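Note sheet for the following structure.
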């Protein structure tokens, strides 16, 4: 990779390479969201099984666990643009296969095919997510990195809001339209990534090792407050997440169809985006530990309200509040972990944290499918919300230093 000097723009607005990256991120996130809506609705239409919905989430998550060391190593050794572009090309192929299957052009989409393609999507996501994050500092100069990260986060939330709703509306017209749009998004994103001018230091030469990742694990275990912050997200979202069951709520409880499913999937992102804008202007400055735990408690309560609701507007509102409260927890927890972790350990700690976040989301979908199959859809969601409230109580008792954290100022500035 060539390394010409960075231009010296005064703002992101005058730096076109970043906006190519920004739109590529919209295409990547939007493509995945649309694909998730379509696959979820299609597998449930084929099998009417809550367990199968959970299995789709599990099959997409397992590659992230199995490849956690490989993906980081490859991203540090090879052209990151080519890694992301290859991943998007494969996901475009997945969408193309599902498009052909939906039109019975040579074959039909089956439960087994969806499971196989879910594994392929999981492998692609395990590469493109960390590589896309690592690519951004190669695209923008250091002086613009902080606003670039903030703008990229807005791209992710915007795509999470709009893409599922659009995918659900198109699926109501025909599955082929949804998969066609999805394939187009991935191909456009791939072209944008390939067109980027990226600058990079010497690629990593050190051999990857398990000990490098375990160093992050050992550090986390030595800091109970950091362990508490990371595990709080894992167990709260693992128990309280109901995303995998949204097709059942849309079809059988709220009686809305695929367009309603798209809106339900978008609602948490609406709350998260609004809360992120609020926190940028009015950050939490005091009693941050208690605020974080309160936010997780609201997350649990919102889950319970959604679980028992039979009214579409109330369900949407509960999911918006759920997303907003989760954003408060995410911002406080992430800032706390970064401040409390020495710079030389941040990469390895972040790798472990990312795996925990992925586990909470994907395994949460699997857990929801299992409990729904065993107890019923509504009891499963309500029990998950109650479990989240129990986690809040236990974590405040087991990790008192985390609950009593007062400020997010750097340790050197604290009195």
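Structure above, values below:
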{"quantity": "Contour minus Cα-Cα distance for residue 274 and residue 110 (0.36 nm per residue)", "calculated": "55.2 nm"}
{"quantity": "The range 10-204, relative contact order in percent, only Cα pairs under 8 angstrom and at least six apart counted", "calculated": "45"}
{"quantity": "Inter-label distance for residue 308 and residue 194, nm, one decimal - labels placed 7 Å from Cα along Cα-to-Cβ", "calculated": "5.5"}
{"quantity": "Segment residue 223-residue 77, length gained on full extension (0.36 nm per residue, minus Cα span)", "calculated": "49.4 nm"}
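A short reminder: the numbers here are calculations on the coordinates, not readings from a lab. If you're wondering where the values come from, they're calculated on a predicted model, not measured in any experiment. Every residue, glycine among them, receives a Cβ derived from its backbone with ideal geometry; neighbour counts consider all protein chains shown.
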